[in-house]
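Below is one structure, written out as structure tokens; the observations come after it.
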Amino acid sequence: MHNQRTKTIFKFSRWEWSRIQEDGANLVNAYGPGMTGLINIGSSCYMNSVIQGLLLVPDFCERFGGARALETLHSLPPNDVFKDFNAQLARLVSSMMSGDYALPDGPHNGIKPTQFKRVAGANHPEFQTAKQQDAEEYVRYIIEKISSNTPAGTPDPTLAVKFNKEERLQDVNTGSVRYTNQEETILSLPVPKLAMHPLPDQENRFTAEFGSCLASVFEPETLGERYQKTMRFKTFPDFLLVQLQRFTIDETNFQQKKLDVDIQVPEQLDLAAFRGHGLQDGEVAMPENEEVVAVAPQPAVDENAVAQLEAMGFSRNASMKAVIETKNNGAEAAAEWLMSRLDDPTINDPPAAQVAGSGAGTSAHIDNESVATLEGFGFTRHEARYGLQKFNFDANRAAEWLFEHRDEVPQAAGEPAEAAPAAVAPRAVEMRDGNSAYQLVGFISHMGSSPHSGHYVAHLLRGDQWVLFNDEKVAYSQQPPKQLAYLYIYKRV
């Protein structure tokens, strides 16, 4: 059984690599402006693919290419250019757009983004290393990096891809509702098991409709026994970035695995049905000062797994927490979860109850341990809660953002306002908005069993032709494998 499964995985992996890279096809090399490849400098394909994808967005090209690039480079002393993020991104983008490194028979085709990678990933525990990384995580990171390094008074190019999502929380007992908006960069879609159907004549491979994955995100979610939450788009961005959650936990061995599924992705997409409209006639708003607490039912705990972990030397609190977090998938999965978090100072704290919302008018699962961890870094409770809500309760991302953007946290209700330093200009936060119709213009594909290993490539639409960007190799695509991609880029039409 195990050997058969191993053979199946190997067969799929080999087929996946061949299909995504279009092996065997007589691809014609592409040259000229915008066709510049990026040389792999050691597991940097995730970064190369993301940067290529961002150049589909005119805002990034205008901000870091052409005359603006020269302006950025000339505004700094020569010694500062080497370590300045904006300068290094301007050098990279302007060189890619020039076409000087994408010439037929050119002696120096392709660019080594060594210094950009060094500067962009400086001080980040993962992106400063030479390890393979998750392209989705890098998109979020680099978008925030660009935004935070945009000078006051300069248009922020990241607003072309950011959007506000609207969350509607309803008290099912009283019918009252609360609407909140949250900034987002990527629309992340699960692949529901019920949406997956076997592919004929292909062992252990499935197919699913993109629409089914999309609809699952907008279905009402039950919070405890009293509340129901629904998500909608408050604004539609110029370019919509979509992630397909292709990675899950294998129930047979509790290891991360990649779903062997073809997603039937539409080239044209209309999201009008998923636009939010705020408080409607006839709806009653919850009082702003009402504390919304939806205590989730405490999950049943596999006491046998807890006992096995305690026998290994873990505390009962840590063991229970691990079993709960791995959804009772056994002692092995829980032990792996614990081993990856041995440096977590809160690992032996009691498992936290999940709550939703706060008196400030938000709704979500708040982990009190995460709040305490951020408070331990010197942030106030209000700042910690704000950071967690902003980043969907990911404590690591919240901490990174708070260290660089603490001054952007709005004051808590009832606190006296402090005068902002004269040198700091307020940053515009109003999101762009427009119609809901989109066209597929790019996608990033992953080959391998984990997002932190394997290989990434990008397929981008240039004019009416698809182009494959495989590190330094750039060629016109013959059969773009849209159904196998990990990240998709849609442009408003």
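FYI, it's all coordinate maths here, none of it is from the lab. Nothing here was measured: the structure is a model prediction, and the numbers come from that model. We place every Cβ from the backbone using ideal geometry, glycine too, and count neighbours over all the protein chains shown.
In order along the range 59-74, phi translates into HN-Hα couplings of 4, 6, 5, 5, 6, 10, x, x, 5, 5, 5, 4, 4, 5, 5, 6 Hz, rounded to whole numbers, per the Karplus curve 6.51 cos²θ - 1.76 cosθ + 1.60 with θ = phi - 60° and x for Gly and Pro. Taking a ≥ b ≥ c as the square roots of the eigenvalues of the Cα gyration tensor, the range 130-261 is classed as oblate, since a/c reaches at least 1.5 and a/b does not exceed b/c. Let me know the shape class of the range 65-157, please: from the alpha-carbon gyration tensor, a ≥ b ≥ c as square roots of the eigenvalues, rounded when a/c is under 1.5, otherwise prolate if a/b is greater than b/c, or oblate. Oblate, because a/c is 1.5 or more while a/b does not exceed b/c. Among the chymotrypsin sites (Phe, Trp or Tyr not before Pro) in the range 131-181, none sits in a DSSP loop with a Cβ that has at most 15 other Cβ atoms within 10 Å. The GluC sites (Glu not before Pro) of the range 133-235 meeting both criteria, a DSSP state outside H, G, I, E and B (loop) and at most 15 other C-beta atoms within 10 angstrom of the site's C-beta, are GLU203, GLU225.
Scanning residues 5 or more positions from HIS446 or on other chains, those with amide H under 5 Å from its amide H are TYR486, with H placed 1.01 Å from N in the peptide plane.
The order of LYS83, LYS117, LYS321, going from fewest to most other C-beta atoms within 10 Å of their C-beta, is LYS83, LYS117, LYS321.
Give the Kirkwood hydrodynamic radius (Å, one decimal) of the chain, defined as one over the mean of 1/r across all pairs of different Cα atoms. Please report the intermediate quantities before stating the final value.
Numbers: mean 1/r = 0.0403 Å⁻¹.
About 24.8 Å, per the Kirkwood formula over Cα pairs.
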